[in-house]
Amino acid sequence: MRNPIVNILLLACLGALASNFSSAQTKTEASANDASSHASQHRGDRLKMVVILSRHGVRSPTWTLDRLNAYSAQPWPQWSVPPGDLTRRGFQLMKQFGSYDRATLAETNLFTASGCENASKTYIWADTDQRTLESGRALAEGLFPNCPPAIHSLAPAKNDPLFHPHSNGMSAMHSDAALVPSDATAKREQDSQQDELLSEMQHVLRGCDAKIACTPTQTPAIPLLGAAAPIARDKKDQMSEAQDSLGLASSFAEDFLLEYAEGMPMDQVGWGKVDEVQLRSFLALHTANFARTHGTQERAKAEASTMLFHITRTLQQGAERHSVAGAIGPANSKLVLLVGHDTNLAGVAALLGLHWTLDGREDDTPPGTELAFELWQNVHGAYSVRVTVAMQTLRQMREMQAITAATPPAQKTLTLSGCDVDKPICEWKTFLKIADHAVDKSSVLSASAN
């Protein structure tokens, strides 16, 4: 049986190779995917609409500096924005992704290559955080530079059940039940590779080189290993998050990624102790933690059923060409963009059994990652769905590289279990059956995304 955590940690051993061949791999993956996607669509097939679930762009750490500094010997770097907010650089990276999306949609003839004709057929719904709202605006500007469509959302700071359904009426019993598999996994005997990575993380937090222990002049107030941190409950994400050593290391690995993607000088990325190779290794801890906290079916059903239900209804609205209850956006929408969080992507992927390896990392969802659901129609009028994932590579974010057809993001067409494995598309009725079966109807909440 597949063990995603072991697979993730094994990939960390290939970090150096991934770093050396990142650019070449991205082009190879993207080129192979492009060839596959075009070959998969028979002559005369037309793309009718796309629903994209996007993670927000590069932000500052969500913890305050005081809270972060308790776990490190040296102070964490200052950011130019408040905790958890999208940065100016993050905005520009998301805008680049929007421009790339426009070019891709124009290539399939869903959109024109330029102009404002398709702006009215684009509907963008974002979560109420600053980072998601601004990411939506950046995508809109990239898609339509001269006429960006409006960003729709609930009132600022109000909980949106589309992105955080468990904060809006889910019972404590249901929430606790979803956590049982995660707790059981957390208590398992950790393998030697994970122990080694956690030890390296502790070295860095103590001001040492990752692979060399030292005697720091000042030790952190709270050690990473052996920490008995309380379960954390975010003001929105009220379901419990594991804050044991792996949970903490996951958060710190993400913070190192943000420093790297923000373009901070390398002596500020992990206090000069985390280069790209080491970063890739640490990110395996982040993905492993997500596999146990968001990748179980029980947790995904609680967290992501609402999102998948509304995505499916939106595709159904596109196929039936009339308003459908639970759909997001007007019935004539050609592009529906949902701007949320990595937890949203991880949950939907877990429900559908989707996995990918991109930029040398398994099932990772770095800032800006897009999970796209494409609705195609053939010459006989039958519909099918193709699911893809795309993300900027670490170096593309670090170097602010433009993403174009010549230098695309890392991307992959995904196969759903139950669909024809020889085809990267899934017949509409089959997709509908798979998606509806994956959803826990008792967890679905009504969304106001219209």
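Read the figures in this text as sums done on the coordinates, not as results from a lab. Please read these numbers as outputs of a predicted model, since none were measured by experiment. Counting neighbours? That spans all protein chains shown, and the Cβs are built from the backbone with ideal geometry, glycine included.
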Note down the net charge around Arg321, summing +1 for each Lys or Arg and -1 for each Asp or Glu among other residues with Cβ under 15 Å from its Cβ. +4
According to a simple spin-label model (label point 7 Å from Cα along Cα-to-Cβ), what is the distance in nm between Val81 and Thr215? 4.4
Quick check on packing: order 292-298, 436-442 by the mean number of other C-beta atoms within 10 Å, highest mean leading. 292-298, 436-442
Extension length gain for Arg321 and Arg46 (0.36 nm per residue less Cα distance), in nm, is 97.5 nm
Got a sec to turn the phi values of the stretch 412-421 into Karplus ³J(HN,Hα) couplings, 6.51 cos²θ - 1.76 cosθ + 1.60 with θ = phi - 60°, whole Hz, x for Gly and Pro? 7, 7, 9, 10, 8, 4, x, 9, 5, 5
Counting sequence-distant residues (5 or more places) and residues on other chains, those with an amide H built under 5 Å from that of Thr357 are Asp363
FRET E, pair Ser446, Ala405, Förster distance 30 Å, beta-carbon r, rounded to 0.05: 0.15
Ranked by how many other beta carbons lie within 10 Å on average, peptides 113-122, 97-106, 54-63 from highest: 54-63, 97-106, 113-122
Given a Förster radius of 25 Å and the C-beta distance between Asp66 and Gln92 as r, what FRET efficiency does 1/(1 + (r/R0)^6) yield to the nearest 0.05? 0.30
Counting only residues 5 or more places away or on other chains, whose amide H sits under 5 Å from the amide H of Ile124 once H atoms are built in the peptide plane? His152, Leu337
Once you have the Cα-Cα distance between Val379 and Met264, take 0.36 nm times their residue separation minus that, and quote the gain in nm to one decimal. 36.3 nm
